[in-house]
Amino acid sequence: MNSLPFLPHHDGSSFFDFLTQHHPELRPGVRDLAMLPAALPVDLARPGTIPVPHGTTVLALKYRDGAIIAGDRRATEGFQIADRRIEKVFRIDEYSAMAIAGAAGPCIEMAKLFQTELEHYEKLEGVQLSCEGKANKLGQMVKANLPMVFQGLVVMPLYVGYDLKRQEGRIFKYDITGGRYEESDHHSIGSGGKDARSTMREHYRPGLDEDAALRVGLLALYNAADEDVGTGGPDLVRGIYPTAKIVSSAGIVDVPEARVRALYETMIAERRRS
Amino acid sequence: MPLPYYVSPEQMMQDKAEYAKKGIAKGRSIIALEYVDGIVLAADNPSSSLHKVSEVYDRIAFAGAGKYSEFEHLRKAGIRHADLTGYMYSREDVSARTLSNAYSQSLGTAFSTDVKPLEVEILVVQVGVNGQANEIFRISFDGSIADEKSFAVIGGRSEAVQQYLREHATPEPPSLQDGLRRCRSALEQVATQKIPSENLEVAVLDRHRQGRKFRRLTSADISHLLA
């Protein structure tokens, strides 16, 4: 039983641990790299020398029936635009989503691994992890990526889940050491995060309905794109708009592009008049 | 030093096979039956938490008969195998055929090398989407693998259940309701008693579902369908 060909014996329900033990080459943040001297000058005693995510704004905010998560579409390489249509908000499972800021490759890899992780647990155990359990697991994955941070490859997630027990949407932010902090109303990360947070602070009210909350989120992204070169605003010429997902007791749904476009068109028309 | 007794390989294999067959026949049967929207899996299982049928991947389900600890181990190994393939390549590259081959290899090796063979019989089924055909693989304790059409039965008195299903087969796949009723009648006939709907474990692979096709029917769903 212990040495079935093709099927290695393994205990535990974590796909992440399974990869680490049996296929370390597939695990993000290859550990050998961590032995190399840091590629970037890092002085832990001086704040500001640890590389922080750049070129992104992703945000999350709660509304009456759950939470909304949204992000811009721009990826940059230095002063060049690398991609205009990159997707930064990922569906993780039926009741949660995450958005990412940081180095695109490792970010997408982490999102994919986290999706597999949750589905794997659900299939093995027959039940879903709790909302809190999912958020903690993501924290451990961010922590495992710490060696890569010293190579300049930061992955910074923002996680949104619908807690079926508490009947509410929840927002979690992280730091590079895997620290996990719950936000009560709204949060935004990335290079334009500060600008988005200012907008949300002004316009956010507890208990907003879905439409109003979506408008606040999209306005925050618009303002962030206005102030931050790394964040892409709505591109009317090419027809590229930020993406958003809504998490509620009914599960997760994508906000259709037509709805985002309509909201932006109204917003822009109002600004023109004034 | 006394010489160990000589046992011919034929005799050894026969003994092992008999031992495994006996263990599998002790349990109750599980049926996989094609219906109009996919595949329905029905098991006579009084426990509502120890499952015999489970999801493996988007289009693939697993059913195990025999010794619980042994097929549970195989189920978990299969999920790991499928998730690893899907993570490494792509979700559409996970197939029932590859998985069945892996199971067949493992069971075959265990049968010929281990002292005690695994007392299990398993089903790996895959629902066909976009006009593809469904696939039903039955894998026995010795690693032999069979590609079944329209239905398959494992565990318990599987021959008798198969006989019933063969006699009541229809040229077109039945609706979910008719299919499930047929499964229950087949199981009842072998059990020679009524099987209440809460003793049935039922799951479907429905090709019209988005994403993951597997759905476990609640006891309310089952009694509604069988009413």
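The values are calculated or read from the model by the stated rules, or taken from the named source; none is laboratory data. Since we're looking at a predicted model, the values are computed, not measured. As a convention, Cβ positions derive from the backbone with ideal geometry for all residues, glycine included, and neighbour counts pool all protein chains shown.
Got a sec? Which of B:GLU167, B:GLU159, B:GLU119 is of a type in the set (Asp, Glu), within 13 Å of chain A (Cβ to nearest Cβ) and over 23 Å from B:PHE214 (Cα atoms)?
Numbers: B:GLU167 fails: within 13 Å of chain A (Cβ to nearest Cβ); B:GLU159 fails: within 13 Å of chain A (Cβ to nearest Cβ).
Answer to the selection: B:GLU119.
I'd like to check something: does the range A:42-55 contain any residue that is at pLDDT 65 or above, surrounded by 12 or more Cβ atoms within 10 Å (Cβ to Cβ) and within 23 Å of A:GLY233 (Cβ to Cβ)? Yes, the range A:42-55 contains a residue that is at pLDDT 65 or above, surrounded by 12 or more Cβ atoms within 10 Å (Cβ to Cβ) and within 23 Å of A:GLY233 (Cβ to Cβ). Those strands (runs of 3 or more DSSP E) of the range B:41-147 in which at least 3 residues are within 24 Å of B:GLU159 (Cα to Cα) and of a type outside the set (Ser, Thr, Tyr), considering only elements entirely within it, cover B:60-66, B:120-126, B:135-139. Scanning the range B:208-227 for residues being out of contact with any Lys or Arg (no Cβ under 6 Å at 6 or more places or on another chain) and either among the hydrophobic types (A, V, I, L, M, F, W, C) or in a loop (DSSP other than H, G, I, E, B) (or both) gives a total of 13.
Could you tell me whether the range A:262-273 includes any residue that is within 12 Å of A:ALA67 (Cα to Cα) and surrounded by 12 or more Cβ atoms within 10 Å (Cβ to Cβ)? Please lay out each step first, then the result.
Start the filter on the range A:262-273 by keeping residues that are within 12 Å of A:ALA67 (Cα to Cα), which leaves none.
No, the range A:262-273 contains no residue that is within 12 Å of A:ALA67 (Cα to Cα) and surrounded by 12 or more Cβ atoms within 10 Å (Cβ to Cβ).
The helices (runs of 4 or more DSSP H) falling completely within the range A:97-163 that include 1 or more residues that are touching a residue at least 40 places away in the same chain (Cβ under 8 Å) and within 12 Å of the chain's Cα centre (by Cα) map to A:104-125, A:131-144. Kindly provide the set of residues from the range A:72-92 that are acidic (Asp, Glu), over 19 Å from A:VAL253 (Cα atoms) and surrounded by 13 or more Cβ atoms within 10 Å (Cβ to Cβ), ordered by number. Once the filter is applied, which keeps residues that are acidic (Asp, Glu), over 19 Å from A:VAL253 (Cα atoms) and surrounded by 13 or more Cβ atoms within 10 Å (Cβ to Cβ), the range A:72-92 yields only A:ASP83. Scanning the range A:169-180 for residues being surrounded by 17 or more Cβ atoms within 10 Å (Cβ to Cβ) and over 11 Å from the mean Cα position of the chain (by Cα) gives a total of 4.
Condition first: within 13 Å of another protein chain (Cβ to nearest Cβ), in contact with a Pro (Cβ under 9 Å, 6 or more places away or on another chain) and not hydroxyl-bearing (Ser, Thr, Tyr). Can you find one or more residues in the range B:20-41 that meet it? No: the range B:20-41 contains no residue that is within 13 Å of another protein chain (Cβ to nearest Cβ), in contact with a Pro (Cβ under 9 Å, 6 or more places away or on another chain) and not hydroxyl-bearing (Ser, Thr, Tyr).
Which one of B:ARG91, B:ARG97, B:ARG59, B:ARG28 is basic (Lys, Arg), touching a Gly at 6+ places or on another chain (Cβ under 6 Å) and either modelled with pLDDT under 95 or under 19 Å from B:VAL127 (Cβ atoms) (or both)? Exactly one residue qualifies, and that residue is B:ARG28. Counting only residues that are of a type in the set (Gly, Ala, Ser), surrounded by 22 or more Cβ atoms within 10 Å (Cβ to Cβ) and within 11 Å of chain A (Cβ to nearest Cβ), the range B:55-96 holds 3 of them.
If you go through the range A:125-140 and keep only what is aliphatic (A, V, I, L, M) and buried (at least 20 other Cβ atoms within 10 Å of the Cβ), you end up with A:ALA135, A:LEU138.
Give the residue, chosen from B:SER185, B:SER104, B:SER197, B:SER175, that is out of contact with any Lys or Arg (no Cβ under 9 Å at 6 or more places or on another chain), buried (at least 17 other Cβ atoms within 10 Å of the Cβ) and farther than 15 Å from B:ALA32 by Cβ. Walk me through it before giving the result.
Numbers: B:SER185 fails: buried (at least 17 other Cβ atoms within 10 Å of the Cβ); B:SER197 fails: out of contact with any Lys or Arg (no Cβ under 9 Å at 6 or more places or on another chain); B:SER175 fails: buried (at least 17 other Cβ atoms within 10 Å of the Cβ).
Unique residue meeting the criteria: B:SER104.
The residues of the range B:158-172 that are under 22 Å from B:VAL124 (Cβ atoms) and either of a type in the set (Ser, Thr, Tyr) or crowded, with 17+ Cβ neighbours inside 10 Å (or both), listed by number, are B:SER158, B:VAL161, B:GLN162, B:LEU165. Reported count of residues in the range A:120-143, each being of a type in the set (D, E, K, R), under 14 Å from A:ILE92 (Cα atoms) and in contact with a helix residue (DSSP H, G or I) (Cβ under 7 Å, 6 or more places away or on another chain), is 2. Filtering the range B:179-215 to residues that are in contact with a strand residue (DSSP E or B) (Cβ under 9 Å, 6 or more places away or on another chain) and free of Cβ contacts under 8 Å to residues at least 40 places away in the same chain leaves B:GLU188, B:ARG209, B:ARG215.
Across the range B:189-227, what is the number of residues that are closer than 30 Å to A:ILE252 by Cβ and either over 19 Å from the mean Cα position of the chain (by Cα) or of a type in the set (Asp, Glu) (or both)?
Here the count works out to 13.
Residues that are basic (Lys, Arg), within 18 Å of the chain's Cα centre (by Cα) and either at pLDDT 95 or above or assigned to a helix (DSSP H, G or I) (or both) within the range B:155-188 comprise B:ARG166, B:ARG182, B:ARG184, listed in sequence order.
Within the span defined as the range A:123-132, one or more residues are out of contact with any Lys or Arg (no Cβ under 8 Å at 6 or more places or on another chain) and among the aliphatic types (A, V, I, L, M).
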